[in-house]
Every structure is written in structure tokens, then in C-alpha cells.
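Here is the structure we will look at.
The values are calculated or read from the model by the stated rules, or taken from the named source; none is laboratory data. What you see is a predicted model; the values in this text were computed from it and never measured. Glycine gets a Cβ as well: all are built from the backbone with ideal geometry, and neighbour counts include every protein chain shown. Heavy atoms of the whole protein, side chains included, go into the accessibility calculation; ligands, DNA and RNA do not. Shrake-Rupley method; radii C 1.70, N 1.55, O 1.52, S 1.80 Å.
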Amino acid sequence: MRAVRASALSGYPCASPNADQRLSEVTLYLEECACANDACPLCPPTERRSSRGLSPVVGVALLVVIVVLLAATVGAMVMGFEDVLTEPQPQVSFDVDYHPDGPGNGANGAYINITHEFGSIEDGSQVFVVDDAGNRIAWEDVWTGGETVGPAGEYAHIDGSGSDSALRPICEAGQHYRVVIEREGGSSSVLVDYEIPTEPTATNAAC
């Protein structure tokens, strides 16, 4: 190894301030520094240990992970609310009129009239009257109904006989009849949930 002049070592903490210091002390200095950091200028640059490039790499990796997680979260939210965004609740109102003594209905007994009051006009093939046993009939198949639910004033006459014989007749208080809309995408909404409030005074023979 070439002799290193003492002036080249001046100012370094592990170097000897004596200009006549022996070469062995210079060698010891190099061993102590061990090229561990940039404070040792006698080491070749390629041998200096440096972590300067590590922080940017870690930062980029963390940024990529965060972006991926955010994209996955947003995607899940969009998929979860897809039906809500594309198929809003119908803005429609109904009135239910209960006739416990079945006036003008003959032997069919008590009945209810479910009347479209105002709001959106829906497809009569997608709107169903459902009883509490799960039986149902499309609005358009009820004899007073039609191809559309609306305009205002149109109604479905429900007594469990004739065109709506798929439904249970009104036999007692507490029975439920619902109006449900079912979309082609598989979603559904309950538009009316009506409970028979009192015992009927006229009943169907099927009761």
C-alpha cells in the first residue's frame, strides 16, 4: 500500500494528527472505519455502504399498495350500491279501502280496493299483490287492474275470488296483503303492506 501523507488525514476523527505517524496506524484507521459511512473519504466510493436509494423505493412501494387498496374499496362500494344507483324506489302512493261487509260483492264476502293515488306509473306485469301465505297475482291479471299501475284512480279489487282466486280470501283480522314491485334485475320493493284491521262480517265460503 502506498504511504499516505499525514496531511491527507488531518481533520478526520480516527486519523492521527502527527504527520510522521507510521503507515500501520493508517492501516488501522482504515480497518476501524471499515468503509461503513461517508465519513471515511479514503475508502473507494464503490465500497461505501449507502442506504440513500432505499427510502424512495420504499415510498413508491407504499404508494402503490395504498392506491391498490383504495381502488379495491371503491370498487366494492360501487358493486354494493349498484342496485340503489340504477333502480331507485318508485315514487308512488296507494290507498287501501277495506269493506268488511262486502257490499255488492255477493258470496265473495269482504274485500279491499287498492287504489293508485298519485306518483309513477309502473308496469302491471312487474307489480304483484301478495298475501301473508306467499300467494301472489300480477296487477295486470286482476280484473279491475291493467297493463300499467296508474294513472291515479286505477285500483285492484281483492277478495280471493274470481281473477284473484290465487290469493286467500279475507277471513279474519290480522291478515296481510302487500303490493310488491319486482325489477328485471332481481331487486324488489314493498309499496304497500296492509293489515286487515277488524273481523269481516261477510266471509267467503272458502274461509
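Overview of values
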quantity	calculated
Most to least packed among 92-98, 109-115 [average Cβ atoms within 10 Å]	109-115, 92-98
Amide H contacts of LEU191 (H built 1.01 Å from N, under 5 Å, at least 5 apart or other chain)	VAL179, VAL180, ILE181
Residues whose placed amide H lies under 5 Å from that of PHE94, excluding near-sequence neighbours	GLU117
For the range 154-160, 3J(HN,Hα) per residue [Karplus equation, 6.51 cos²θ - 1.76 cosθ + 1.60, θ = phi - 60°, Hz, x = Gly/Pro]	5, 9, 10, 8, 10, 9, x
For GLU147, solvent-accessible area (1.4 Å; no DNA, RNA or ligand), Å²	150 Å²
Projected area averaged over orientations for the range 87-207, convex hull of C-alpha atoms, nm²	6.8 nm²
Using θ = phi - 60° and Karplus 6.51 cos²θ - 1.76 cosθ + 1.60, couplings along the range 95-109 (whole Hz; Gly, Pro as x)	10, 10, 10, 9, 10, x, 9, x, x, x, 10, x, 6, 6, x
Loop-located chymotrypsin sites (Phe, Trp or Tyr not before Pro) in the range 127-188, at most 15 other Cβ atoms within 10 Å (DSSP)	TRP143
In sequence order, calculated HN-Hα J values of the range 190-207 (Karplus, 6.51, -1.76, 1.60; Hz; x Gly/Pro)	8, 8, 9, 9, 10, 10, 4, x, 9, 5, x, 8, 10, 10, 6, 4, 7, 5
Gained length - ALA72 relative to ALA206, 0.36 nm times residue gap less alpha-carbon distance	42.6 nm
Under 10 Å, Cβ to Cβ, from GLN126 - net charge with Lys/Arg +1 and Asp/Glu -1	-4
